Amino acid sequence: MKSIQFNFRRQCQQDPEEAGSDSVSDLVDIDFAEPPATQDEDSASSSLNTGVAPASPTTAGGKQYKYNAQWEKAFPWLHLEGNVMFCKYCKAEPQLAGKLSSFVVGNPHLKKDTVKKHNASKKHIECRDIHIIKSTNEYPVTVQSAPRRQNNFPASHFTSPLKMTTPQYDMSHTLPPHTLTRLAREWLAEDTPNFDPAGLCVGSHEVEAKLLCKTPCSVLAGRPFFTAVFTELSCTVEWAHTEGAQLGPDAVAQTAVVRGPARCVLLGERPALNCLARASGIATRCSQLQSIAREAGWHGHVAGTRKTTPGFRLVEKYAMLVGGVSMHRQDLSGMVMLKDNHIWASGSITQAVRNARSVCGFSSKIEVECGSREEGSEAATAGADIVMLDNFKPQELHAAAQLLKEEFPSVLIEASGGVTPDSLPQYLSPHVDIISLGCITQGCPVVDFSLKVQKPVAFPIIFQSQ
């Protein structure tokens, strides 16, 4: 039985079309049922494995469904209490899963399809990952599942050479310590270039300040910058949430506690909050865009741009990483991008690509901004690695991208210009590898944080009579 199951899974993974699978769950959760057991055998198995009386059957559409304890072998999170099913992982993380989630309060629909749908849900996967981290002290490995069919495209079409993932890494390790120190000193010097008259009012006695997030369902980003500012002022920061965590859903969520001399805490307050509010706002938008792309079954890269705040690019690019999207190029030195002005100054796309390649050699990619399919074809023929279809309408984009992919299968296609969170689904195409959005940083809402110094507790003085 096991060998048959393995061979069928492998066949599905190699050729989803021939296997007749219509969804991810079909490929991941396919199993071959054991020979049907009698009612007595099924009841005995349920009692033996769960330690509780067999659940009463669920009736739906005239058909009865009954809990099978064998499901727990395939789904170790599954737990039966009375006549309802629970998820051990989601019950342990009700804030994340949702306090009213059916598998937190108990799901009475005793059907395997119900169990499988919960197993594939985003919230369950997040709770499962937290369980793995807590129990093993290791981050879970994200496995790419088979592509879903969406928008009437065959499953085989959603196979971009770039795979969009959100790895569970500590992104702060990408930031050099000396860079954090330099930035913190620059921000503090900008905010307090000479005297701090208000510092006289509060002095240097030790205080405690609570960091509060007042924008529910935000993604926390920017911890390293926030901490670097207060470290420079001899203060300490104790975080209640990890980088990339979703804050809320409560209206106000305590995020961290800052301790140190009163005047130093207040000196660092505004620079630190500016970094955290901006980074978290960008990470939140990136997470939302990533969710849109994933739910559509698209496996390309959502990417940012160089449209960043001068002097603040490192913070904003880092926030993109935390939010799960591609940063695109860091700067002009990172990758050659030939835009319309470069091409006009050079005389042609072909000449511009030739000139750029003579300088950057083999170690850098060349991307060309194109306003038509013909320009894209010229760029790819000249040796461009990436063709950017700029300011195309969705239907025009789909047609041009398909023709270019058929002619140049190894060339990456990027869509850019005018894409917003609302219009992103219209641009998702099996022939587009990258979609870059300037709105990730331009016009992006910030997350509302505040830092509140706690009032000292006054203890009453009790006089004892002699």
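The values are calculated or read from the model by the stated rules, or taken from the named source; none is laboratory data. Just so you know, these numbers come straight off a predicted model, no measurement behind them. Cβ atoms come from the backbone with ideal geometry, glycine included; neighbour counts cover every protein chain shown. Heads up: the accessible areas ignore ligands, DNA and RNA and are worked out on the full protein's heavy atoms, side chains in. Shrake-Rupley method; radii C 1.70, N 1.55, O 1.52, S 1.80 Å.
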Check your understanding: Does the stretch 329-356 hold any residues that are in a loop (DSSP other than H, G, I, E, B) and either within 16 Å of the chain's Cα centre (by Cα) or basic (Lys, Arg) (or both), and which are they?
Key -> 329, 339
Check your understanding: Only one of 386, 413 is within 21 Å of residue 351 (Cβ to Cβ), under 28 Å from the mean Cα position of the chain (by Cα) and modelled with pLDDT of 95 or more; which?
Key -> 386
Exercise for review: For the stretch 376-393, name all the residues that are surrounded by 15 or more Cβ atoms within 10 Å (Cβ to Cβ) and more than 13 Å from residue 413 (Cα to Cα).
Suggested key: 378, 382
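For (1) small (Gly, Ala, Ser); (2) within 25 Å of residue 405 (Cβ to Cβ); (3) in contact with a helix residue (DSSP H, G or I) (Cβ under 7 Å, 6 or more places away or on another chain), each residue gets a yes or a no:
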{"site": "317", "(1), (2), (3)": "no, no, no"}
{"site": "321", "(1), (2), (3)": "no, no, yes"}
{"site": "325", "(1), (2), (3)": "no, yes, yes"}
{"site": "330", "(1), (2), (3)": "no, no, yes"}
{"site": "333", "(1), (2), (3)": "yes, no, no"}
{"site": "345", "(1), (2), (3)": "yes, no, no"}
**Study point:** Candidate set from the stretch 76-120 (those that are charged (D, E, K, R) and assigned to a helix (DSSP H, G or I)); member that is nearest to residue 246 (Cα to Cα)
**Key:** 91
Practice item. Mind listing whichever residues of the stretch 64-95 are under 21 Å from residue 131 (Cβ atoms) and either modelled with pLDDT of 90 or more or in contact with a strand residue (DSSP E or B) (Cβ under 7 Å, 6 or more places away or on another chain) (or both)? Key: 71, 72, 77, 78, 79, 84, 85, 86, 87, 88
Exercise for review: Could you tell me which of the residues 302, 353, 322, 336 is surrounded by 15 or more Cβ atoms within 10 Å (Cβ to Cβ) and closer than 22 Å to residue 176 by Cα?
Suggested key: 322
Review point. Could you say whether any residue in the stretch 270-292 is closer than 22 Å to residue 398 by Cβ and of a type in the set (A, V, I, L, M, F, W, C)?
Key: yes
Exercise for review: With the checklist (1) open to solvent by 50 Å² or more (accessible area, probe 1.4 Å); (2) under 17 Å from residue 386 (Cα atoms); (3) in contact (Cβ under 8 Å) with a residue 40 or more places away in the chain in hand, flag the one item residue 328 doesn't pass.
Suggested key: (1)
Review point. So residue 242 clears everything in (1) open to solvent by less than 70 Å² (accessible area, probe 1.4 Å); (2) assigned to a loop (DSSP other than H, G, I, E, B) except one condition, right? Which one?
Key: (1)
Check your understanding: Does residue 291 fit the bill of being surrounded by fewer than 20 Cβ atoms within 10 Å (Cβ to Cβ), under 20 Å from the mean Cα position of the chain (by Cα) and under 28 Å from residue 125 (Cβ atoms)?
Key -> yes
